[in-house]
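Comments concern the structure below.
We did not get these values from a lab; they are worked out from the coordinates using the rules stated. These numbers come from a predicted model, not from an experiment. Every residue, glycine among them, receives a Cβ derived from its backbone with ideal geometry; neighbour counts consider all protein chains shown.
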Amino acid sequence: MRWLAPIPPRRGCLLLCVLLVALCSIPGSSSSRVVTLDSIDIFTTHELLPISKPTVYFRCNGDNNKTYLLDVKEANSIYTFKGEESWQPLTELPEKKCKRCGLYEEDTFIKDDVFDEWELCSSDFKDSKYTHFKEGQFNATFLCSNCTASAGHSGAHESSAEVETKKASVAVIIIVSVLASVLVIIGLFLGYKYWQKRKRERDQARFLKLFEEGDDIDDELGLSNEL
């Protein structure tokens, strides 16, 4: 029987890395709910002097930094963004919990002014888009490509989420099973090749020993001298 050449350890590591990458790339296994600002229109500013330009920023509880909206300086002007600005994204949402977020205007000597504070949830987004309106303050549209809207049907949304979770779990189990099987096959194959090598060494040693014993018998019988 002809056996395949043993798999080099380097190729085995490469195969393992490929399988791990495939595991991490399963849809739903590591989806991020990154929120970006699509557009905003502030209806008023809280500056005492009309000539002063506001410093507007967005922030959620749990986030370390404020996100300054550097371009937003005028009231009643619609600002649109590509989502690729240096200050984007605004935040990242967990799957089943909301974040308390707000839009503020920074002040130097007094407490920052609040445009509005609200609960920002993944389920608020419909077709990856969510619009928040605060009368007399602002109107803003946010984007989140991996957020799913309940659209007033929370039970259906939860059911869909459970289905996606189960699908992801099945895919993970399949990948892990395949990975374990490959590792076991590689281990058995390498073990067999090692056993074959040891068997050849033992057979060779046994043959050499028999050959040496034959020479000793010839010496004792004097056959080597006659020859």
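Structure note, pairs LYS99/LYS166; LYS66/LYS111; LYS99/LYS129; LYS73/LYS129; LYS53/LYS111: Cα-Cα distances above 19 angstrom occur for LYS99/LYS166; LYS73/LYS129. Summing +1 for each Lys or Arg and -1 for each Asp or Glu among the other residues whose beta-carbon sits under 12 angstrom from that of ALA205 gives +3. Inter-part distance, the range 105-127 to the range 67-89, computed on C-alpha centroids, equals 14 Å. Above 17 Å, the calculated P(r) of the range 52-127 contains 52 percent of its Cα-Cα pairs.
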